[in-house]
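Peer 1: Quick one: this structure, given as structure tokens, is what I'll be asking you about.
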Amino acid sequence: MTNPLAPAENIRTSVPRLESIYFYLTGGCNLRCRHCWIEPPHQSSKRQYPDLDLGLFRQILKQARPLGLSSVKLTGGEPLMHPRIGDLLGILRDEKIRFNVETNGVLCTPGLARDLVRSGIFHISVSLDGADAGTHEWVRGVEGCFDAAIAGIRNLVAAGIRPQVIMSLMRRNVGQIEALVRLAESLGASSVKFNIVQPTARGVKMHQAGETLAIEELVSLGDRVEHLLSSSTMLPLNYSHPAAFRSLGKLYGQDGSGCIVCGIHGIIGILADGSYALCGIGETVRELIFGHSAQDALADVWVNHPVLREIRGGLPNRLEGICGECVMKGICLGSCVAQNYYRSGSLWAGHWYCEEARAKNLFPATRLKSPVKGAEPAAAGRLDNPQKAHSSGQ
Ligand code: SF4
Ligand code: SF4
């Protein structure tokens, strides 16, 4: 890699702005979610795992400013478990950097909730995978985490920020969708997002065990959520299926449910050990790690890393399979290049959800450029020396 100190103006004309950094602050997690795509080890008082070094956090933010940084995301593992979370928030406050947080809510005390609000948070999401403790804790693997998450949400609302509630959908909790929306309403949440369990990391086992929903169920559920359930609540509902299945209003978040246009061209991930990565996928796919913040300048990695350059040059035009034929690919970018790579070993592979929908004749014909053709095998887009190419076994 060359020219790590290229002037910011030159950087902006040759590569996209680095709009956002996703900080995966903790190597471990206090929960054991059966669908987790990051797959962190469970951390307890007896077993500790690395947390992002405070000095590296400060240094990365400083280096990111001239590249165009406008906001950061704190995620995990569990970000609120970072032993210096108060200091991290202080740095964001001093630097006046807007941030959002993804949390399981368990550690969100009244004091921490107030600190988050004081520090410039603009969005926070809290996971609730059931409307009762039995269901939520079956998914999340730790007794008592339901009441703790509910308390965390209440603390956030009391501090002045209404969190989004996120429910990951699976066979075990699909009957609680409506109850979950009512619970979110009663807690004062700002919106509800329904995530689909991806066949990535622990999600692979769930797909293989039949614990996830079949594509026919997912497509029809999306329709039910976006039309029937949405009309029964004031809360914006966001069902996170790919762009081809959304109305234009849902694509651009005109109804308040949140825009899903992919931001991959303006994001880099930082793992808990200080590594640069495409995103949290670097925890399980080592070839999507781009160096280390203690040794490599962020500008050098952002401008010159071959995988980032490959993605910039190839997305969306080199997408293959159903994504190559889809009229939405310019904004959807294949939904998630990290997950597509995890499954196939190719950056350009079609997304599993849309591939499965097409196989069942459920893919919307109006979102195809031309009549359906057989997908070519995704030979291009493989990275040098991939250590593993994953398959969901489906
Ligand atoms: S889904 Fe989130 S809370 Fe659950 S194990 Fe993974 S990182 Fe932890
Ligand atoms: S086919 Fe690909 S580009 Fe089109 S909506 Fe699905 S994931 Fe997105």
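Peer 1: Taking the range 178-218 only, how many residues are outside any loop (DSSP other than H, G, I, E, B) and out of contact with any Lys or Arg (no Cβ under 8 Å at 6 or more places or on another chain)?
Peer 2: Summing the residues that are outside any loop (DSSP other than H, G, I, E, B) and out of contact with any Lys or Arg (no Cβ under 8 Å at 6 or more places or on another chain) in the range 178-218 gives 21.
Peer 1: Further, regarding this structure: Restricting the range 210-231 to residues that are free of Cβ contacts under 8 Å to residues at least 40 places away in the same chain and farther than 24 Å from Asn361 by Cα, which is farthest from ligand 2 (Cβ to nearest atom)?
Peer 2: Ser231
Peer 1: Please tell me if Asp94 is touching a helix residue (DSSP H, G or I) at 6+ places or on another chain (Cβ under 8 Å) and either open to solvent by less than 60 Å² (accessible area, probe 1.4 Å) or not in a strand (DSSP E or B) (or both).
Peer 2: no
Peer 1: If a residue must be at pLDDT below 95 and open to solvent by 30 Å² or more (accessible area, probe 1.4 Å), how many such residues does the range 26-41 contain?
Peer 2: 3
Peer 1: Which pairs turn up if I take residues in the range 295-309 that are part of a loop (DSSP other than H, G, I, E, B) and look for partners that are not basic (Lys, Arg) with beta carbon separation below 6 Å, at least 6 apart in sequence or on another chain?
Peer 2: The qualifying pairs are Ala297/Pro4; His305/Phe290.
Peer 1: Okay, moving on. Pick from the range 16-25 the residues that are out of contact with any Asp or Glu (no Cβ under 9 Å at 6 or more places or on another chain) and in a loop (DSSP other than H, G, I, E, B): which of them is least open to solvent (accessible area, probe 1.4 Å)?
Peer 2: Leu18
Peer 1: Would you confirm whether or not the range 225-232 contains a residue that is at pLDDT 95 or above and of a type in the set (A, V, I, L, M, F, W, C)?
Peer 2: The answer is yes; a qualifying residue exists.
Peer 1: How do the pairs read when you match residues in the range 40-51 that are within 14 Å of ligand 1 (Cβ to nearest atom) with residues anywhere that are of a type in the set (Val, Ile, Thr), using Cβ under 6 Å and keeping only pairs 6 or more apart or on different chains?
Peer 2: As it stands, the answer is Asp51/Thr26, since those pairs meet every condition given.
Peer 1: Keeping to the range 194-237, report how many residues are under 15 Å from Arg182 (Cα atoms) and open to solvent by less than 50 Å² (accessible area, probe 1.4 Å).
Peer 2: 8
Peer 1: Would you confirm, using the coordinates I've provided, whether Ala189 is more than 21 Å from Cys36 (Cα to Cα) and either open to solvent by less than 20 Å² (accessible area, probe 1.4 Å) or touching a Ser or Thr at 6+ places or on another chain (Cβ under 6 Å) (or both)?
Peer 2: yes
Here is a yes/no grid of residues against (1) at pLDDT 95 or above; (2) within 21 Å of the chain's Cα centre (by Cα); (3) surrounded by 22 or more Cβ atoms within 10 Å (Cβ to Cβ):
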residue: Glu283; (1), (2), (3): no, yes, yes
residue: Gln295; (1), (2), (3): yes, no, no
residue: Val303; (1), (2), (3): yes, no, no
residue: Ile311; (1), (2), (3): yes, yes, no
residue: Cys332; (1), (2), (3): no, yes, yes
residue: Tyr341; (1), (2), (3): yes, yes, yes
residue: Pro371; (1), (2), (3): no, no, no
residue: Pro377; (1), (2), (3): no, no, no
residue: Gly381; (1), (2), (3): no, no, no
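Peer 1: For the range 137-155, which residues satisfy the criterion of being in contact with an Asp or Glu (Cβ under 7 Å, 6 or more places away or on another chain), part of a helix (DSSP H, G or I) and free of Cβ contacts under 8 Å to residues at least 24 places away in the same chain?
Peer 2: Answer for the range 137-155, where residues must be in contact with an Asp or Glu (Cβ under 7 Å, 6 or more places away or on another chain), part of a helix (DSSP H, G or I) and free of Cβ contacts under 8 Å to residues at least 24 places away in the same chain: Glu137, Phe146.
Peer 1: Can Pro110 be described as over 16 Å from Ile270 (Cβ atoms), surrounded by 15 or more Cβ atoms within 10 Å (Cβ to Cβ) and more than 20 Å from the chain's Cα centre (by Cα)?
Peer 2: no
The values are calculated or read from the model by the stated rules, or taken from the named source; none is laboratory data. If you're wondering where the values come from, they're calculated on a predicted model, not measured in any experiment. Note that each Cβ is placed from the backbone with ideal geometry, even for glycine, and that neighbours are counted across all protein chains shown. The accessibility values were calculated without ligands, DNA or RNA, using every heavy atom of the protein model including side chains. Shrake-Rupley method; radii C 1.70, N 1.55, O 1.52, S 1.80 Å.
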